[in-house]
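Scroll down for the structure; my scribbles are underneath it.
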There are 2 protein chains.
Amino acid sequence: MVIWSYQKMVKDDIKGVNMRIAIIGGGAIGLLTAYFLEENYEVTIYVRSTKQLQQLSNKGLCYKRGDKQEWKHINIDLFQNWQAKEEITFVTVKQYHLEAIYKKINACVTENNGFVFLQNGMSHLQEIKKLKTKQVMVGIVEHGAVKVNDYTVEHLGVGAIKLAALYSVNSFLKTLVGDKNPFFAIQEEKDYLAIMQKKLVVNSLVNPLTSILGIKNGALLENPYFYGLITAFMEEIAVILNLSEIEKENYFFYCVDVIKKTANNKSSMLKDIEEKRSTEVDSILGYLVQTANKRNLSAKLTESYYNMVKGKESS
Amino acid sequence: MVIWSYQKMVKDDIKGVNMRIAIIGGGAIGLLTAYFLEENYEVTIYVRSTKQLQQLSNKGLCYKRGDKQEWKHINIDLFQNWQAKEEITFVTVKQYHLEAIYKKINACVTENNGFVFLQNGMSHLQEIKKLKTKQVMVGIVEHGAVKVNDYTVEHLGVGAIKLAALYSVNSFLKTLVGDKNPFFAIQEEKDYLAIMQKKLVVNSLVNPLTSILGIKNGALLENPYFYGLITAFMEEIAVILNLSEIEKENYFFYCVDVIKKTANNKSSMLKDIEEKRSTEVDSILGYLVQTANKRNLSAKLTESYYNMVKGKESS
């Protein structure tokens, strides 16, 4: 007897059984992305540590939002076993772990493999452009999410992921975008440089200062002296990035908006410093310092904050 | 029967019975100065708090250096009772407590009263010049000393006090200088502006950065990123103070020397921040910002560090 199961007939169809997604990196963004994409695709998370592999295999993936808590089983494997069989790969590792991934991409991908890079900073853009594949998108994540332990992600602030294609040959962007889940919108942007720069500015204004001063994001607006810091720093960044007056205002308002929404949060860089991990300061302020040097511009504040974060990192 | 007591015949003579010294302020420097000057002069300490008055009256003044501990009885009174009867007055309060003292000086001193101001920073110089009296010296304290409690001072590093007259009419400098006690040398300097500037530079390089970063003084030399901070900041300060290349080098070496000698110490500003007291940042970096503004110079780093310290102070 044939059972015309809804599950088989409809859900698999919606899911698009043929569309497989790899997620490289088991951090907060990796886990969050896996949780939501699993609704519609065949997802596999690739992690580095065998401990996380075991935890995720044994317990499943746990998603928390407010009082809500949900468990899901998701395919999981070690990064060393990733073979680029999936049509789309989300790369969610930090900038300073990208090197190993570039090597593997160049070694085994074909023109059918699509990539989504979700790093902070800008310095990876020129590296990504050197990759063999041209099916590449870059994106920014506007969710607030924290990895509670190896198998649990807490969704603190619902935002969106904004993606833009690096080249016009992109064939898979349309598959991803749309109203698949209101808690995990994926939106298309036209100008990848604009979205990456905007995020770079936010990361530059918020992350270093909050981690140097040991303050929550909101203090940058509430304390008039700290507010003086971000306005002065914005002026320097605008010169380095050659922003127009309108762009400068626009970016700064965006930044104020992000700070307001995350007022009670500690920035990721502050958490990194507190937990004695490496920070992403090289791909954020380091990138700005390099850009200033190339353009023969002064970057006194940027260099100062860079040195403060690097010094804290190493002490 | 007359007793030709050594005490009466000799010691009082050495002491110079007629020379009375007032010390305004019962902080570390006030207590240290009182302890040593009491050997040769009739000393009275004037304090603000009745609690400290009682403690000092009941227990005496306790001086510690290494394993050594000594007690002395010293005259003590409330600042409100100070009437400028003493020939010399040492003003050892912090910059932000000077206002009340200026008023009293203008109200009751004559041309016979001499003053020694031992504040950090530079902004008090122009105020002191407005005082009625011209018998004024300014000085810098190169001792390491900490107030353990209301009646105890610990002498952590033996240095010297360097004094210079603000005007040529000074009549009492010669009395103070000389080899009275090797642990408390008072040395004469010719150029008051030079010594105050040199101390200002040290205070600017060491105090704000150590209190922003929460580090001991030595970290500024040991950590290469923090060392990068003080070299860059020295460049900006040299422009603001219009220092020659030779002065710049000279001041910087002096600063490195002070940091080496105090490597394991927390700066006074860091202690102020940790203990939620006001800092002296207004008379140090605030003075530099004002000077830069007057001269139409950029002071990006100075302003940034000023805002960081003020922000920490008020949060």
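No lab work stands behind these numbers, since they all come straight from the coordinates. Model, not experiment: these values are computed from the prediction. In this analysis, Cβ positions are derived from the backbone assuming ideal geometry, glycine residues included, and neighbour counts consider all displayed protein chains.
Assorted remarks:
- Backbone geometry of region A:182-193 corresponds, through the Karplus equation with coefficients 6.51, -1.76 and 1.60 at θ = phi - 60°, to 3J(HN,Hα) couplings of x, 8, 8, 5, 10, 10, 8, 10, 7, 9, 5, 5 Hz, x marking Gly and Pro.
- Inter-copy label distances for B:LEU297: 2.5 nm (label point placed 7 Å from Cα along Cα→Cβ; shortest first).
- Axis-nearest residue of B (beta carbon) for the B-onto-A rotation, whole Å: B:LYS300, 3
- Tilt relative to chain A, helix A:98-108 - C-alpha long axis, 0 to 90 degrees, to 10: 40
- Distances between equivalent label points of B:LYS134 across the copies, with each point positioned 7 Å along Cα→Cβ, amount to 8.5 nm, shortest listed first.
- Under 5 Å, built H, 5+ apart or other chain: amide partners of B:ILE74: B:LEU61
- Charged-residue dipole, Cβ positions (Lys, Arg, Asp, Glu), chain A about Cα centre, Debye nearest 20: 560
- A Förster radius of 22 Å combined with the Cβ-Cβ distance from A:THR231 to B:GLU274 puts the calculated FRET efficiency at roughly 0.20.
- Inter-probe distance in nm under a simple model that places probes 7 Å from Cα toward Cβ, at A:ASN58 and B:GLN54: 6.3
- Summarising the strand pairing of the protein assembly as shown, around 35 percent of its internal DSSP beta bridges are antiparallel.
- Where labels lie 7 Å past Cα in the beta-carbon direction, separation of A:LYS132 and B:LYS68 in nm: 7.8
- When both region A:63-84 and region B:294-313 are represented by their alpha-carbon centers, they are found 47 Å apart.
- Per-pair calculated FRET efficiency, R0 = 51 Å: B:SER298 and B:LYS180 via Cβ, rounded to 0.05: 0.65
- C-alpha long axis of helix A:224-240 to longest principal axis of chain A, angle in °: 80
- Helical contribution to [θ] at 222 nm, DSSP H n ≥ 4, -39,500 (n - 2.57), averaged over the protein assembly as shown, rounded to 500: -12500 deg cm²/dmol
- Chain A: relative contact order in percent, alpha carbon pairs under 8 Å with at least 6 residues between: 14
- B:SER315 paired with B:ALA194, simple spin-label distance in nm, labels 7 Å along Cα-to-beta-carbon: 4.2
- Cα centroid separation - region A:211-280 against region B:258-274, whole Å: 29
- Long pairs among A:LYS180/A:LYS216; B:LYS51/B:LYS216; A:LYS129/A:LYS198, criterion Cα-Cα beyond 25 Å: A:LYS180/A:LYS216; B:LYS51/B:LYS216
- Using a 7 Å projection from Cα along Cα-to-Cβ, the label point at A:GLU275 is separated from the same position in the remaining copies by 3.6 nm, smallest value first.
- Taking each of B:LYS68/B:LYS199; B:LYS94/B:LYS162; A:LYS260/A:LYS300; A:LYS266/B:LYS266 in turn, the alpha-carbon distance tops 24 angstrom for B:LYS68/B:LYS199; A:LYS260/A:LYS300; A:LYS266/B:LYS266.
- Charge tally for B:PHE233 (other residues, Cβ to Cβ under 14 Å; Lys, Arg +1; Asp, Glu -1): -1.
- Applying 1/(1 + (r/R0)^6) with r as the Cβ-Cβ distance of B:VAL169 and B:GLN83 and R0 = 30 angstrom yields a FRET efficiency of 0.85.
- Between the Cα long axis of helix A:245-261 and the first principal axis of chain A there is an angle of about 60°, rounded to the nearest 10.
- Taking a sphere under 11 Å around the Cβ of B:GLY25 and counting the other residues whose Cβ falls inside, with K and R at +1 and D and E at -1, yields a net charge of +3.
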